[in-house]
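Below is one structure, written out as structure tokens; the observations come after it.
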Amino acid sequence: MFEPRTLPPDLESVRDEYAPDALVVDVAGDFDTIPPEAAENLGLVADSLSPAAYPTEWLPADAPQALRRYASSDFTIGMPGDGTVTWTRQTTPPTVLVKYRAKGTPEDFLDFLIAEALVQAGTDDIPEHFLPFFGEHYRDLADAIPLGPNEVYQVAAALYEGWVGLQTREEFASWDGRHDRLSDAWVDAGERLDDRLANLPRLVAMGRLSFAEATEFACSAIKHGRDLPAPFAALDTSAYLDHGPTYAVRWAQKTFEQLAEAGEKRDSPE
């Protein structure tokens, strides 16, 4: 199910720089979460496995089942929203997993995604999922967001991605002149976001994007250093980088307070 992937020279160089021991494997099937019995086959290519587990007290009562399974002692690799490439430190050495769906992804952009995963996997300060990032503050985030549990999950995953992007984008910017092909893919992907970013508030107001979808889109743009509209611009700050989950919770509280006030003004008679 897991086959070592041959990397081009620039990706090998990125691995050597950021995560020299990391494995990069192609996964024979597509997945959000690999079944534990299948995930254990990583033991055939990795030196050892160390399944992670987290306190159930971090989870709100209505947390999605996938998140409860992730918090449990089950060996959980991959979660909904992870994208085409994901990674884990539950193996020694860390493993980057390229999903089967990657076959339809342009080569340069796919290689950037693999490079991004190598940077993240090699940065000790970055947890591999939003649950250990938020920790006990995940319940506070859920309380601050008046949406269903799946949308809370989506917002949390987006906020985590935005915080990770604040940590990693300087590395991507430094690749200009060193890893030009990967740098160009990073720049190109960011430029493709600009038109939609400019229209993001209008798309939400028209109901063409949910708040969770807009948060996901805006936070994905942080790693590319693009300009964000309000209220998402408040996430592109050193304060978020420094304070992480507590800042994210406060941002959610203020954002939904402001949305509620705006709704009351629209509904009130003149």
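All but one of (1) farther than 19 Å from Cys219 by Cβ; (2) surrounded by fewer than 22 Cβ atoms within 10 Å (Cβ to Cβ); (3) at pLDDT 95 or above hold for Glu151; which doesn't?
The number of the failed condition is (1).
Output the number of the condition that Gly104 fails; it satisfies all remaining conditions of (1) modelled with pLDDT under 95; (2) closer than 13 Å to Ala39 by Cβ.
Failing condition for Gly104: (2).
Here is a list: Gly81, Gly29. Which entry is under 22 Å from the mean Cα position of the chain (by Cα), farther than 13 Å from Ala115 by Cα and surrounded by 15 or more Cβ atoms within 10 Å (Cβ to Cβ)?
Gly81
Does Val14 satisfy the criteria of being in contact with a Leu (Cβ under 7 Å, 6 or more places away or on another chain), open to solvent by 40 Å² or more (accessible area, probe 1.4 Å) and within 30 Å of Arg178 (Cβ to Cβ)?
no
Would you check which residues across region 193-208 are touching a helix residue (DSSP H, G or I) at 6+ places or on another chain (Cβ under 9 Å) and not in a helix (DSSP H, G or I) and list them?
Scanning region 193-208 gives Leu193, Arg208.
Please work out which residue is surrounded by the most Cβ atoms within 10 Å (Cβ to Cβ), limiting yourself to region 113-141 and to residues that are assigned to a helix (DSSP H, G or I) and among the charged types (D, E, K, R).
Step one: of region 113-141, the residues assigned to a helix (DSSP H, G or I) are 113-121, 130-134, 137-141.
Now narrow it down to the ones that are among the charged types (D, E, K, R): 116, 139-140.
Numbers: Glu116: 26, Arg139: 17, Asp140: 18.
Here the answer is Glu116.
Based on what the data block shows, is Ala38 assigned to a loop (DSSP other than H, G, I, E, B) and either on the phi > 0 side of the Ramachandran plot or over 18 Å from the mean Cα position of the chain (by Cα) (or both)?
Taking the combined requirement at face value, the residue does not satisfy it.
Do you know which residues across region 175-203 are surrounded by fewer than 16 Cβ atoms within 10 Å (Cβ to Cβ) and closer than 23 Å to Glu128 by Cβ?
Matches in region 175-203: none.
Please pick out the residue among Arg192, Arg202, Arg181 that is more than 22 Å from Glu116 (Cα to Cα) and of a type in the set (D, E, K, R).
Result of the check over Arg192, Arg202, Arg181: Arg202.
Please verify whether Leu110 is more than 30 Å from Leu147 (Cα to Cα) and either over 15 Å from the mean Cα position of the chain (by Cα) or not in a loop (DSSP other than H, G, I, E, B) (or both), treating the condition exactly as stated.
For Leu110, the condition - more than 30 Å from Leu147 (Cα to Cα) and either over 15 Å from the mean Cα position of the chain (by Cα) or not in a loop (DSSP other than H, G, I, E, B) (or both) - is met.
The values are calculated or read from the model by the stated rules, or taken from the named source; none is laboratory data. Nothing here was measured: the structure is a model prediction, and the numbers come from that model. Cβ sites come from the backbone with ideal geometry, for glycine too, and all protein chains shown count toward neighbours. Calculation scope for accessible area: heavy atoms of the full protein, side chains included, ligands and nucleic acids excluded. Shrake-Rupley method; radii C 1.70, N 1.55, O 1.52, S 1.80 Å.
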